[in-house]
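> First, the structure itself, so that you have it in front of you.
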Amino acid sequence: MAEPKAKYDRQLRIWGEHGQAALEKATICLLNCGPTGSETLKNLVLGGVGSITVIDGSKVEPGDLGNNFMVDESCVGQSKAKCVCTFLQELNDAVKAKFIEEYPEALIGSNPSFFSQFTIVVATQLVEDSMIKLDKICREANVLLIFARSYGLTGFVRISVKEHAVIESKPDHFLDDLRLNNPWPELKRFAETIDLNVTDPVAHKHTPYVVILVKIVEEWTKAHSGALPSTWDEKKEFKELLKAGMVAMDEDNYKEAIEASFKVFASRGINSDLLRDNA
Amino acid sequence: MASLQHSQAIKGAKVLMVGAGGIGCELLKTLALSDFQDIHIIDMDTIEVSNLNRQFLFRQSHVGQSKAKVARDAVLRFRPHISITPYHANVKDSNFNVDFFKQFNVILNGLDNLDARRHVNRLCLAAEVPLVESGTTGFLGQVTVHVKGKTECYECQPKPAPKTYPVCTITSTPSKFVHCVVWAKDLLFAKLFGDKNQDNDLNVRSNDAARSSKNVDDVFEWGENEDIEQYGRRIYDHVFGYNIEQALSNEETWKNRNKPRPIYCRDVLPDIMTQRNGNNVDKTDDLSSASAMASLGLKNPQDIWCLMENTKVFIEALKLFFTNRRKEIGNLSFDKDDLLAVEFVTAAANIRAASFNIPLQSLFEAKGIAGNIVHAVATTNAIVAGLIVIEAIKVLKKDTESYRMTYCLEHPSKKMLLMPVEPFEPNKSCCVCSETPLSLEINTHRSKLRDFVEKIVKAKLGMNSPLIMHATALLYEVGDDLEEDEIANYNANLEKVLSELPSPVTGGTMLTVEDLQQEFTCNIHIKHREEFDEEKEPDGMVLSGWTQALPEKKDAKTSNGNGASTSKSLPTKPGNTEIDIEVKEISDGTVSPGTKRKLSEFSAGSPVDHSSDVDETRNNKKIQKHDDEDELVMLDHWDSDMSKKQRLP
């Protein structure tokens with residue numbers, strides 16, 4: 001039994017096995033482990049990220065005790081990176097936690113190729129000059145870079161990445177597309193076998209909403225020289241047309257058709273932006 | 001941020017946290033780091049392994065210990081000089097009464113169930129202490145502020161109750177996997193391993209002539225020296241074979257539905273398992289690790305088993321229960337952390353699904369459904385905790401104009417991940433904070449007082465220790481100090497139909513229901529009604545009068561809503577209704593923003609009459625803008641949710 005996964009049960013239900021595998025393969029580099037950076041890593045470590053490398057050249061000072069709960073009195077005087085790393089390691093011993101006691105600015109200047117080994121670099125508390133340098137380095141190495149700073153109750157998070165491919169997008173809802181405004185032959189034939197204006201009320205309210213849409217869209221395009229409803233008024237008119245087909249208030253199929261009517265508004269063919277894009 | 005007033009408000013504050021779980025851990029940490037000095041925290045749970053991916057104050061070594069206590073110890077480590085008082089107890093306990101709540105400046109909820117939230121809401125109203133509510137589900141979350149007299153209380157907008165299914169769907173006509181799970185868990189598992197005396201909708205009679213030698217009334221009874229596997233196969237054949245055949249004989253049911261197919265064990269698993277595998281279940285096996293999957297070599301809980309594998313698990317799990325856990329049988333209730341129970345329910349649900357042509361699911365999926373498991377991750381809780389503290393500080397500084405309800409979305413809407421909304425005024429028809437009377441349609445000659453208590457008073461009204469009065473007659477009450485004869489009297493009353501109670505309850509009369517601990521009173525006008533629709537009104541009674549504000553605006557909003565969802569035609573969006581239903585099923589209190597009257601004076605005219613119009617106009621404007629620009633715009637989750645909300649019954 002996959003017992004190690006019991007800990008991750010609740011998050012597996014969000015991103016599934018592949019998501020968890022991706023997380024566990026990832027290597028993160030954190031620059032400066034102040035409160036912002038530390039909290040960021042906490043969430044990643046809890047989730048089971050592959051490895052973290054903390055880069056911070058400072059020592060723990062009394063002031064740090066006030067805003068970073070990963071360091072305590074016994075840490076004062078020690079490397080902050082080391083203390084934060086120790087705390088984070090406790091949160092999840094499956095994560096490989098390393099630290100380097102060095103100032104990030106220095107590392108950026110002296111060893112840019114250091115960053116190419118990581119999946120993501122999280123850079124906190126850096127000045128603009130360093131951010132620009134780091135951005136160039138990460139772009140070249142195709143490493144995902146996230147900048148973050150916080151000041152009191154405000155802050156920013158900025159992602160910088162050249163290109164990021166998403167394969168399993170996990171849409172919230174199953175995307176079905178029956179090409180209702182351009183039905184394939186069999187669907188067309190099927191729709192033709194059904195008479196929307198059938199007199200038997202039971203049959204009338206059992207006409208599948210897909211068929212209703214296919215037929216009404218056909219009617220519309222004929223009356224509008226092939227064009228689909230495009231403005232807000234036209235779409236409203238289209239829905240009124242659907243409503244007009246109802247003979248009783250409890251016809252769920254017509255209600256479904258109205259709710260799903262947006263499916264026929266989408267223009268046919270490939271989006272012109274995509275066609276233009278040669279990349 | 002460091003103004004004197006601000007820090008004084010915090011330093012002098014006494015706050016109560018209810019819940020030390022996902023939100024609780026993050027909240028306690030944030031409160032401590034924000035300089036709060038006196039924090040009390042109630043949580044009745046102990047730490048489990050599945051908590052460790054987000055409840056970061058806990059470690060593996062803490063599993064089994066009290067959440068409230070361990071959380072306190074962890075935080076004291078970095079804030080040794082503040083006061084944190086833990087209570088390993090249920091917030092519904094009678095010692096957490098109005099006086100207890102009165103000692104705090106603000107109450108912060110980090111709960112995971114509707115019942116407790118309603119209870120705390122009522123106590124906060126009674127104690128007149130502000131409440132900051134919150135909830136998270138996966139990437140979604142929200143924080144809301146409730147101040148008596150100024151804003152809505154938590155119950156002003158009726159919260160969706162946990163999803164229930166009509167009995168016939170479960171027993172005869174399942175169409176979704178969840179129906180099969182409910183059948184496997186609440187019917188089959190309960191019948192085989194739970195209290196035998198409980199009423200059960202499972203068909204238990206068999207006409208099988210072969211069994212007539214014992215004249216057994218209940219086919220589920222395990223015969224004296226019956227071989228376990230034989231027993232298992234017999235049960236299998238009865239529920240998946242015989243019962244289905246019986247159901248098929250009723251032609252009416254299947255006129256417009258796909259017919260199920262009966263499944264018999266011998267067709268799926270011809271050989272007896274023990275003979276084939278050669279391993280008899282060893283009684284000396286470690287009881288706690290008895291697992292059908294393990295003995296069958298099925299390693300991955302995410303795999304979807306085929307019919308034969310499910311059948312093997314069914315038989316094997318049953319065997320293991322009877323061989324290793326005989327003592328528990330008759331007393332067992334389903335527990336999602338009981339692996340063997342989960343295995344059995346998964347297998348049973350899958351076999352039923354196969355019979356009804358419903359796609360099978362993995363153990364992982366089935367466990368989530370059967371155990372009502374909510375997906376959860378650390379980040380959302382961290383965000384929500386931060387928002388709670390921000391609102392709490394506003395409350396302490398009595399910064400009324402700044403109170404916000406904040407909704408944390410999964411995807412940014414108009415580039416914003418957090419949606420702040422001003423709180424709404426109290427709902428004048430809220431039966432909790434506005435004491436509006438309700439109406440109940442019920443068959444006073446058929447429904448018993450017990451039904452009224454279970455379905456209305458406890459389930460719908462959320463009362464724990466109710467008192468029911470009819471004029472001056474006390475029909476029922478719950479208490480520790482009741483006399484024997486009083487208890488007997490009340491028990492007798494429970495079994496009587498309403499019209500035959502000592503003080504007859506008929507149409508046109510009024511019942512007063514009270515919960516003294518919650519200081520919540522409700523008057524209910526009774527209306528007699530003969531018939532109820534079995535599918536749409538399965539309870540046989542309908543409670544009404546507890547409405548959302550501005551029902552007359554409904555139509556206008558609905559058409560707006562339609563406009564919104566259709567013009568921004570991303571295929572995902574009609575699924576919005578599904579989002580609502582999913583959330584409802586989870587009942588964690590996640591609520592989508594609603595369009596209602598606003599607290600602020602920025603709206604044109606008086607808040608009562610015109611602010612909703614302002615909302616509509618704003619909505620309208622948003623819609624128009626999008627239409628002219630671009631059809632395929634990222635759907636405005638926020639807008640559709642609002643309009644969808646108006647449509648919810």
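The values are calculated or read from the model by the stated rules, or taken from the named source; none is laboratory data. Predicted model, so just to flag it, every value in this text is computed and none were measured. As a convention, Cβ positions derive from the backbone with ideal geometry for all residues, glycine included, and neighbour counts pool all protein chains shown. For accessibility, only protein heavy atoms count, side chains too; no ligands or nucleic acids. Shrake-Rupley method; radii C 1.70, N 1.55, O 1.52, S 1.80 Å.
> What are the residues whose amide H is under 5 Å from the amide H of A:Ile52, where those residues sit 5 or more places off or on another chain and H is modelled from the backbone?
Here the answer is A:Ile28, A:Lys96, A:Ala97, A:Lys98, since their amide H atoms fall under 5 Å of that of A:Ile52.
> Cα centroid distance between the stretch A:69-139 and the stretch A:15-44, in Å?
Computed from Cα coordinates, the inter-centre distance equals 12 Å.
> Another question, then. Can you figure out the FRET efficiency of A:Leu196 with B:Asn225, using R₀ = 60 Å and their beta-carbon distance, to the nearest 0.05?
It comes out at approximately 0.35.
> Using a 7 Å offset from the Cα along the Cα-to-Cβ direction at both B:Arg326 and B:Lys150, what is the distance between the two label points in nm, to one decimal?
6.5
> Calculate the FRET efficiency for A:Glu128 and A:Ser230 from the Cβ-Cβ distance with a Förster distance of 45 Å, rounded to the nearest 0.05.
According to the calculation, E is roughly 0.50.
> Report the relative contact order of the stretch A:185-272, percent, no decimals, based on alpha-carbon pairs under 8 angstrom and at least 6 residues apart.
Relative contact order comes out at 31 percent.
> At most 10 other Cβ atoms within 10 Å plus a DSSP loop assignment makes a site exposed; report the longest stretch of chain A without any exposed GluC sites (Glu not before Pro).
The longest such stretch corresponds to A:1-162.
> Something else now. Under 10 Å, Cα contacts only: if you run a Gaussian network model on chain A, which one of A:Asn182, A:Asn68, A:Asn142 comes out with the highest mean-square fluctuation?
A:Asn182
> Would you work out which of A:Leu213, A:Val202, A:Trp232 lies farthest towards the positive end of the dipole of the stretch A:185-272, given +1 charges on the beta-carbon of Lys and Arg and -1 on that of Asp and Glu, about the Cα centre?
A:Trp232
> How many Å² of accessible surface get buried when B and A come together, counting both sides, probe radius 1.4 Å, rounded to the nearest 100?
Roughly 4500 Å² of accessible surface disappears when B and A pair.
> Counting only C-alpha contacts under 8 Å and six or more residues apart, can you give the relative contact order of the stretch A:43-194 as a whole percent?
Worked out over the stretch A:43-194, it gives 17 percent.
> Still on this structure, please answer the following. Going down the list B:Lys92/B:Lys527; A:Lys205/A:Lys243; B:Lys148/B:Lys527; A:Lys263/B:Lys163; A:Lys188/A:Lys215, which pairs span over 20 Å between their C-alpha atoms?
B:Lys92/B:Lys527; B:Lys148/B:Lys527; A:Lys263/B:Lys163
> Related question: Please figure out what share of the DSSP beta bridges in the stretch A:4-160 is antiparallel and state it in percent, rounded to the nearest 5.
Taking every DSSP beta bridge with both residues in the stretch A:4-160, the antiparallel ones total about 30 percent.
> Give a quick list of trypsin sites (Lys or Arg not before Pro) in the stretch B:231-263 that DSSP marks as loop, anything other than H, G, I, E or B, with at most 16 other Cβ atoms within 10 Å.
Hits after loop and neighbour filter: B:Lys255, B:Arg257.
> Ok, one more. Under the rule a/c < 1.5 gives rounded, and otherwise a/b versus b/c splits prolate from oblate, where does the stretch A:38-129 land using the Cα gyration tensor?
Cα axes put the stretch A:38-129 in the oblate bin.
> Please list log₁₀ I(q)/I(0) at q = 0.12, 0.17, 0.20 Å⁻¹ for the stretch B:343-422, using the Debye equation with identical point scatterers on the alpha-carbon positions.
Summing over Cα pairs of the stretch B:343-422 leads to -0.60, -0.77, -0.89.
> Bin all alpha-carbon pair distances of the stretch B:42-108 at 10 Å intervals from 0 and give each bin's fraction as a whole percent.
19, 44, 31, 7
> Who wins for biggest fluctuation among A:Val71, A:Val217, A:Val143 in a Gaussian network model of chain A, springs between alpha carbons below 10 Å?
A:Val217
> Is the C-alpha gyration tensor of the stretch B:324-387 telling us rounded, prolate or oblate? Criteria: a/c under 1.5 is rounded; beyond that, a/b larger than b/c is prolate, otherwise oblate.
oblate
> Describe numerically, in nm with one decimal, the distance between label points set 7 Å from Cα along Cα→Cβ at B:Ala89 and at A:His18.
Between B:Ala89 and A:His18, the label points sit 5.0 nm apart.
> Now a separate question. If amide hydrogens are placed 1.01 Å from N in the peptide plane, which non-local residues have theirs closer than 5 Å to the one on A:Leu144?
Placed amide hydrogens put A:Val121 under 5 Å from A:Leu144.
> Also, I was wondering about something else. For peptide B:29-40, compute the average count of partner chain beta-carbon atoms within 10 Å of each residue's beta-carbon.
Partner Cβ neighbours, averaged per residue: 1.
> Rounded to the nearest Å, what's the spacing between the alpha carbon centres of the stretch B:8-48 and the stretch B:434-456? Just the number, please.
So the two Cα centres are separated by 39 Å.
> Once you have the alpha carbon radius of gyration of the stretch A:4-160, what is it after dividing by 2.2 N^0.38 Å, with N set to its residue count?
1.03
> Here's a follow-up. Using only the Cα atoms of the stretch A:185-272, what are the Rg and Dmax in Å?
Just the Cα atoms of the stretch A:185-272 yield Rg and Dmax of 13.2, 45 Å.
> Any idea how far the Cα center of the stretch B:214-257 sits from the one of the stretch B:125-176, in Å?
39
> In square nanometres, what is the average projected area of the Cα convex hull of the stretch A:73-118?
4.1
> With respect to the cross-link table entries B:Lys159/B:Lys259; B:Lys29/B:Lys67; B:Lys150/B:Lys394, which display a Cα-Cα separation exceeding 25 Å?
From the list (B:Lys159/B:Lys259; B:Lys29/B:Lys67; B:Lys150/B:Lys394), the Cα-Cα distance tops 25 Å for B:Lys159/B:Lys259.
> Going by amide H atoms built from the backbone, whose H comes under 5 Å of the H on B:Gly141, apart from near neighbours?
Hits under the 5 Å cutoff: B:Cys408.
> Where the convex hull is taken over the Cα atoms of the stretch B:93-166, what is its projected area averaged over directions, in nm²?
Across all orientations, the stretch B:93-166 yields a mean hull projection of 6.2 nm².
> Please pull out the direction-averaged projected area of chain A, using the convex hull of its alpha-carbon atoms, in nm² to one decimal place.
Averaging across all directions leaves 23.5 nm² for the Cα convex hull.
> Further question on the same structure: For peptide A:37-45, compute the average count of partner chain beta-carbon atoms within 10 Å of each residue's beta-carbon.
The shielding value for this peptide is 3.
> Starting from the Cα of B:Asn97, step 7 Å along the direction of its Cβ; do the same at A:Leu275; then give the gap between the two resulting points in nm.
7.7
> In peptide B:371-380, what is the residue-averaged number of other protein chain Cβ atoms found within 10 Å of each Cβ?
Taking the mean over all residues of the peptide, I get 5.
> Same structure again: Sorted by accessible area (1.4 Å probe), largest first, how do B:Ser291, B:Ser61 line up?
B:Ser61, B:Ser291
> Let me ask another. Counting only protein heavy atoms and using a 1.4 Å probe, what share of the accessible area of the stretch A:4-160 belongs to carbon plus sulfur, as a whole percent?
Carbon and sulfur atoms account for 56 percent of the accessible area of the stretch A:4-160.
> Can you run phi through the Karplus equation (6.51, -1.76, 1.60; θ = phi - 60°) for the stretch B:3-11 and list ³J(HN,Hα) in whole Hz, with x for Gly and Pro?
5, 4, 4, 4, 6, 5, 4, 6, 4
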